[in-house]
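Notes follow the structure.
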Amino acid sequence: MVRVNDQITLADWELSESFSRASGPGGQNVNKVSTAVELRFEAARSPNLSPAVKARLKRLAGRRWTRDGAIVLRVEETRSQARNREIAEDRLAELIRAALVVPKRRIPTKPTLGSKKRRLESKTRKGQVKALRSRVTGDD
């Protein structure tokens with residue numbers, strides 16, 4: 001059971017863990033102990049998340065979102081299986097918390113009269129500079 005915030009707690013049936021051997025340093029221990037954790041969260045079937053939150057979660061998860069609507073997190077940072085499990089659960093909770101935040105709608109604004117005038121004046125000045133760069137005709 002993973003607690004995301006005061007309102008949302010993920011049930012055990014929504015999460016599944018599998019363990020495998022981690023790559024990297026660890027000596028003989030790395031060949032014997034399965035310390036890498038692969039945490040799978042059935043996000044699409046979760047009753048705790050609204051459709052809007054699921055859509056934001058899918059966008060945030062990116063490649064970690066599978067075709068069948070699950071999020072797969074693989075952690076092999078430490079040599080301890082229990083610590084890797086904690087890290088995976090923390091990352092999942094953080095990802096869901098980020099998806100819970102509703103993005104602020106951007107209200108398009110019109111440019112001010114002063115900014116329009118400044119833009120047109122700078123365009124005129126640049127045009128004059130470029131006109132001065134052109135070849136000089138022989139009107140002597």
Worksheet item: Could you list, in sequence order, the residues of the range 14-29 that are in contact (Cβ under 8 Å) with a residue 12 or more places away in the chain and more than 20 Å from Ala61 (Cα to Cα)?
Response: Phe19, Ser20, Arg21, Ala22, Ser23, Gly24, Gly26, Asn29
Fill in: Residue, modelled with the lowest pLDDT, within the range 79-113, restricted to residues that are polar (S, T, N, Q) and part of a helix (DSSP H, G or I)
Gln81
Worksheet item: Scanning for something within 16 Å of Val2 (Cβ to Cβ), out of contact with any Phe, Trp or Tyr (no Cβ under 8 Å at 6 or more places or on another chain) and of a type in the set (A, V, I, L, M), does the range 18-39 turn up at least one residue?
Response: yes
Worksheet entry | Segments classed as strands (runs of 3 or more DSSP E), wholly inside the range 1-78, with at least 1 members that are aromatic (Phe, Trp, Tyr) | 15-20, 36-41
Worksheet item: Which one of Ala61, Ala11, Ala44, Ala55 is in contact with a Lys or Arg (Cβ under 9 Å, 6 or more places away or on another chain) and surrounded by 11 or more Cβ atoms within 10 Å (Cβ to Cβ)?
Response: Ala44
Item to complete: With the condition kept exactly as written, say whether any residue in the range 91-98 is touching a helix residue (DSSP H, G or I) at 6+ places or on another chain (Cβ under 8 Å), crowded, with 16+ Cβ neighbours inside 10 Å and closer than 30 Å to Glu14 by Cβ.
Response: yes
Worksheet item: Checking Val33 against (1) at pLDDT 85 or above; (2) surrounded by 10 or more Cβ atoms within 10 Å (Cβ to Cβ), which test does it fail?
Response: (1)
Worksheet item: Of the conditions (1) more than 30 Å from Val30 (Cα to Cα); (2) more than 21 Å from the chain's Cα centre (by Cα), Lys58 fails just one. Which one is it?
Response: (2)
Item to complete: Output the number of the condition that Glu14 fails; it satisfies all remaining conditions of (1) under 14 Å from Leu92 (Cβ atoms); (2) at pLDDT 85 or above.
Response: (2)
Worksheet, complete the sentence: If we ask which residues in the range 38-68 are hydroxyl-bearing (Ser, Thr, Tyr) and under 30 Å from Ser80 (Cα atoms), their number turns out to be 2
Practice prompt. Look through Gly138, Gly127 and report the one residue that is at pLDDT below 90 and loosely packed, with under 14 Cβ neighbours inside 10 Å.
Written response: Gly138
Worksheet item: Do the conditions hold for Val4, that is, is it at pLDDT below 85 and in contact with a strand residue (DSSP E or B) (Cβ under 7 Å, 6 or more places away or on another chain)?
Response: yes
Practice prompt. Return yes when Ala22 is at pLDDT 80 or above, small (Gly, Ala, Ser) and closer than 24 Å to Arg67 by Cα and no when it is not.
Written response: no
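The values are calculated or read from the model by the stated rules, or taken from the named source; none is laboratory data. The structure displayed is predicted, hence computed values, not measured ones. Cβ: placed from backbone, ideal geometry, glycine included. Neighbour counts: every protein chain shown.
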